[in-house]
Each structure stands twice: as structure tokens, then as C-alpha cells.
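**Q** Take this structure first; my questions come after.
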Amino acid sequence: MTAPSPGQGRRTGRLALPGVLTAAQAAHTVAALAALQRTDGAIPWFRGHHLDPWDHTEAAMALDAAGEHERAAAAYEWLARHQNPDGSWYAAYQDGDAADPTDLGRETNFCAYVAVGTWHHFLATGDSAFLDRMWPIVYAAVEFVLALQQPGGQIGWKREADGTPVADALLTGSSSVHQALRCALAVAEHRGEPQPDWELAAGALGHAVRRHPERFLDKSRYSMDWYYPVLSGTLRGPRAVARIEGGWSRFVVPGRGVRCVVPNPWVTGGESAELALALWTIGQSERAVRILADIQHLRAEDGLYWTGHVYADDAFWPAERTSWTAAALLLAVAALCGDEPTRAVFRADALPEGLDDGDCC
């Protein structure tokens, strides 16, 4: 990959958010994120660590939000070149090397997220040729994922390395898949290729997330299970607000950020930024900005962000600055600053619903 383009500073000026990032800081973070990308388009967590398809896609979305469209396109081309014959990707690749997968499991939410990134890139660029190239990739990924949908609508969370399906479902993962299905339906509608089976699947999945918590493994100690049904757009309106209010005091540490898991005294940048984005989706922008301001203590001199901070010990942990932490922050800032493609993929009224299950949310 080439170096970040000379005009990057002008483009990242739109990511300046008072109290959170200056234009210069935004440009520094984008350049640091871009520097993690390999020449083949892969974006690992950090150089020398592994790549997973979900976080790789999130990083590509952040690059698009910053105007680095060629870099984002290269990340999607990496996915297109290395998709497995069954429509999946492996859960982890050492340093983004497709020849060196280190986890041969195939996780459904990891695989589905290509649809979110593809639609986001198209909205950011208007590149119809890109959408044509990615359509078979998105189609195969969705079909892989829906083969693990359970009778109750929830999505089994992975296939083991030997192909054995895991029926157990994760609320966070299924919520993410629901957003991805809606983006995939947007791609299909734009191409004039209706997918009624996907509409049925999206309706059943949304109903399961909204109405049937018993269909998912109990991960309620994790903040992602708290906010992800809101972040994904599956919950909106009073129910979404009530969910956020119900978990606020449990997960939010004033002035520090969001706990990853209770009761551990550990706040994490990625979860905090994702919560901020979820808050924006329900109209709580001031709260979102406060959360993003709170996690600036995680910002490092290189423009990246430490994954987390153990505040009981006043220590950054783990000792890593991940691409996906910076990406989550940039996407939250982009939504708050008015970036329309980012807003469109996270806003409930901007995506196809699937078949209405009669459930007002």
C-alpha cells in the first residue's frame, strides 16, 4: 500500500469533534491506522498479531469514513481473494497472512460483516463496479451464515474447524448479523435482485433478539451484550432507551469509559466507542461525546489507542494498541460529525427491515 495521501489532512478535518479530536489528531490517528495495513490490503490488529474478518472490515470502514477509499477497497479485495469455497473466512490469520490461518473456526458474525462494509463503501464512493465485484462475495457469506440459523431465528455462532455447526447463539453476534442482513438486503435491492429468504431470516432474527433472550447464551456480564442490540439497529425507540438506561450504572465508569466485563475494573476503548455510536443512534449525542472524551486517556503518542485500562492498577492492559480500537473511535466520531455513509449503515430507518414480524420496537 502507498503512504496516506497528501490530501488526507483536509479530508480528516471533517472528523474534528470538539472535546474529543482536533483535525490534526484525527489525521494522526488515520495515518497510524493506515500504517498498520499490509501491502496486500490486510489489516491485522497490529503488525505481528492476527487479523480477524470482522475487525478487518471495521478498520476498512473507518478508512472510508476518513476518505481513504483506495485503502478501504484494498481491504475488501483481500476478503474477496481469500473467501473460502463455502462463503466463510477463518476466524484468525497470523498478521493477515491468508496462507497462515491460526483459527480454523468460521464465526458467523465475522463472516456476515462483509455486507456492512460493502454497503458502507458503496455509499461512500458510489462505485457500482465495486458493488458488482463484491455481490458474489456478500451472497456467499450470507448463505454460509444463514445455514446456521436456528428454528427460533437466532444464529449459531460458528462452525468448528472440522465443519461441525455450533447451534449455541450469542446475542452480540446475532445482533451484528441482523445489521449485516439488512445491509445485504440493501445491496440486493440496489441490484434489483430480491432475496425473500433473507427477508424472512432477518425478520426471524430481529424477533429473537428483541423478544427472546432465552435463546442466547448468557453473556450478560459483557457490555457488548448490553448495547449491541441498540448499536445494530435491532432495538429502537423506548425499548432501546430503556435498555441503555438499565445498564448504564453497571457498565459505565464516569470519567474513564465502559467496562468490558463486570465486575472487572477494566475499561476498554472499543466498547466505549461502540457505546458512543449506539448512543448517537438513539439521539443521545451529548452523552456519546462525553464517553468519547472520557477515553482520550487511552490515546497514545502514535495516534492509536490502548485497548484498555485497568484503573484499579492504573495500568494499560493488554499492552497493545489495536486497529479496531482506533477504527471504532473514528466511526463514532464520523457519525457524530455527520458522515452520511456511516450514519446510513447504523441508522434504523436507512436499511431494509426484512419481513415485519409485527413486533413494534
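The values are calculated or read from the model by the stated rules, or taken from the named source; none is laboratory data. Remember, predicted model here, so these are calculated numbers, not experimental data. Virtual Cβ from ideal backbone geometry, glycine too; neighbours counted across all protein chains shown.
Let's see how each residue does on (1) farther than 13 Å from Ser174 by Cβ; (2) in contact with a Cys (Cβ under 7 Å, 6 or more places away or on another chain); (3) at pLDDT 95 or above:
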| residue | (1), (2), (3) |
| --- | --- |
| Leu205 | no, no, yes |
| Arg211 | no, no, yes |
| Asp225 | no, no, yes |
| Gly237 | yes, yes, yes |
| Val241 | yes, no, yes |
| Gly246 | yes, no, yes |
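**Q** So, in segment 199-248, how many residues would count as being in a helix (DSSP H, G or I), β-branched (Val, Ile, Thr) and under 18 Å from the mean Cα position of the chain (by Cα)? Quick ask: steps written out before the conclusion?
**A** Of segment 199-248, the ones in a helix (DSSP H, G or I) are 199-211, 213-215, 223-231, 237-248.
Cutting the leftovers down to β-branched (Val, Ile, Thr) gives us 209, 230, 241, 244.
Okay, now just the ones that are also under 18 Å from the mean Cα position of the chain (by Cα), so 209, 230.
Number satisfying all stated conditions: 2.
**Q** Please pick out the residue among Val261, Val310, Val267 that is more than 25 Å from Gly117 (Cβ to Cβ), modelled with pLDDT of 95 or more, buried (at least 24 other Cβ atoms within 10 Å of the Cβ) and among the hydrophobic types (A, V, I, L, M, F, W, C).
**A** Numbers: Val261 fails: buried (at least 24 other Cβ atoms within 10 Å of the Cβ); Val310 fails: buried (at least 24 other Cβ atoms within 10 Å of the Cβ).
Testing whether each residue is more than 25 Å from Gly117 (Cβ to Cβ), modelled with pLDDT of 95 or more, buried (at least 24 other Cβ atoms within 10 Å of the Cβ) and among the hydrophobic types (A, V, I, L, M, F, W, C) leaves just Val267.
**Q** Still on this structure: Restricted to segment 289-327, and to residues that are closer than 23 Å to Leu51 by Cα and of a type in the set (Phe, Trp, Tyr), which residue is nearest to the chain's Cα centre (by Cα)? Steps first, answer last, please.
**A** To start, the set of residues in segment 289-327 that are closer than 23 Å to Leu51 by Cα comprises 298-300, 302-309, 316-327.
Narrowing further to those that are of a type in the set (Phe, Trp, Tyr): 305-306, 316-317, 324.
Numbers: Tyr305: 17, Trp306: 18, Phe316: 23, Trp317: 22, Trp324: 9 Å.
Restricting to residues being closer than 23 Å to Leu51 by Cα and of a type in the set (Phe, Trp, Tyr), the top hit is Trp324.
**Q** Right, next: For segment 290-312, how many residues meet the condition of being touching a Pro at 6+ places or on another chain (Cβ under 8 Å) and over 21 Å from Trp45 (Cα atoms)? Write out each step before concluding.
**A** Applying the first criterion (touching a Pro at 6+ places or on another chain (Cβ under 8 Å)) to segment 290-312 yields 294, 307-308, 310-312.
Imposing the further condition that a residue be over 21 Å from Trp45 (Cα atoms) reduces the set to 294, 311-312.
The number of residues fulfilling the criteria is 3.
**Q** Determine, yes or no, whether Thr2 is modelled with pLDDT of 95 or more and either over 26 Å from Phe346 (Cα atoms) or assigned to a helix (DSSP H, G or I) (or both). Lay out the reasoning, then the answer.
**A** On the way: modelled with pLDDT of 95 or more: no; either over 26 Å from Phe346 (Cα atoms) or assigned to a helix (DSSP H, G or I) (or both): yes.
For Thr2, the condition - modelled with pLDDT of 95 or more and either over 26 Å from Phe346 (Cα atoms) or assigned to a helix (DSSP H, G or I) (or both) - is not met.
**Q** When residues of segment 38-81 are filtered for being of a type in the set (Ser, Thr, Tyr) and closer than 12 Å to Ser323 by Cα, how many remain?
**A** Of segment 38-81, the ones of a type in the set (Ser, Thr, Tyr) are 39, 57, 76.
Adding the requirement that they be closer than 12 Å to Ser323 by Cα leaves 57.
So the count comes out to 1.
**Q** Here's a follow-up. Using the structure shown, decide if Thr268 is in contact (Cβ under 8 Å) with a residue 12 or more places away in the chain, within 23 Å of Gly13 (Cα to Cα) and among the hydroxyl-bearing types (Ser, Thr, Tyr).
**A** Numbers: in contact (Cβ under 8 Å) with a residue 12 or more places away in the chain: yes; within 23 Å of Gly13 (Cα to Cα): no; among the hydroxyl-bearing types (Ser, Thr, Tyr): yes.
The answer is no for Thr268.
**Q** Can I ask one more? Can you tell me which residue in segment 249-278 is farthest from Arg321 (Cα to Cα), limited to those that are aliphatic (A, V, I, L, M) and within 19 Å of the chain's Cα centre (by Cα)?
**A** Step one: filter segment 249-278 for residues aliphatic (A, V, I, L, M), giving 252-253, 258, 261-262, 267, 273, 275-278.
Right, trim to within 19 Å of the chain's Cα centre (by Cα) and you get 258, 261, 267, 273, 275-278.
Details: Val258: 17, Val261: 19, Val267: 14, Ala273: 15, Leu275: 19, Ala276: 19, Leu277: 20, Ala278: 23 Å.
Top of the filtered list is Ala278.
**Q** Also, I was wondering about something else. Being in contact with a strand residue (DSSP E or B) (Cβ under 6 Å, 6 or more places away or on another chain), of a type in the set (Gly, Ala, Ser), within 30 Å of Gly126 (Cβ to Cβ) and at pLDDT 95 or above is true for just one of Ala326, Ala273, Ala332. Which residue is that? Can you show your working first?
**A** On the way: Ala273 fails: in contact with a strand residue (DSSP E or B) (Cβ under 6 Å, 6 or more places away or on another chain); Ala332 fails: in contact with a strand residue (DSSP E or B) (Cβ under 6 Å, 6 or more places away or on another chain).
None of the other options fit; the residue is Ala326.
**Q** Oh, and also: Considering only residues that are among the basic types (Lys, Arg) and more than 21 Å from Tyr93 (Cα to Cα), look in segment 125-182 and name the one that is surrounded by the most Cβ atoms within 10 Å (Cβ to Cβ).
**A** Filtering segment 125-182 down to residues among the basic types (Lys, Arg) leaves 133, 158-159, 182.
Going one step further and asking which of them are more than 21 Å from Tyr93 (Cα to Cα), we end up with 133, 182.
Numbers: Arg133: 15, Arg182: 27.
Going through the qualifying residues, I end up with Arg182.
**Q** Right, next: Give the residue that is farthest from Val333 (Cα to Cα), with candidates limited to residues of segment 270-290 that are surrounded by fewer than 23 Cβ atoms within 10 Å (Cβ to Cβ) and among the aliphatic types (A, V, I, L, M).
**A** Ile282
**Q** Given the structure, is Val145 of a type outside the set (S, T, N, Q), touching a residue at least 24 places away in the same chain (Cβ under 8 Å), outside any loop (DSSP other than H, G, I, E, B) and touching a Ser or Thr at 6+ places or on another chain (Cβ under 6 Å)? Break it down into steps so the answer makes sense when it comes.
**A** On the way: of a type outside the set (S, T, N, Q): yes; touching a residue at least 24 places away in the same chain (Cβ under 8 Å): yes; outside any loop (DSSP other than H, G, I, E, B): yes; touching a Ser or Thr at 6+ places or on another chain (Cβ under 6 Å): yes.
Yes.
**Q** Residue pairs, Cβ under 7 Å, 6 or more apart or interchain, first in segment 163-192 and free of Cβ contacts under 8 Å to residues at least 60 places away in the same chain and within 15 Å of Leu355 (Cα to Cα), second polar (S, T, N, Q) and crowded, with 24+ Cβ neighbours inside 10 Å. List them.
**A** From segment 163-192, the pairs are His178/Ser232; His178/Thr234.
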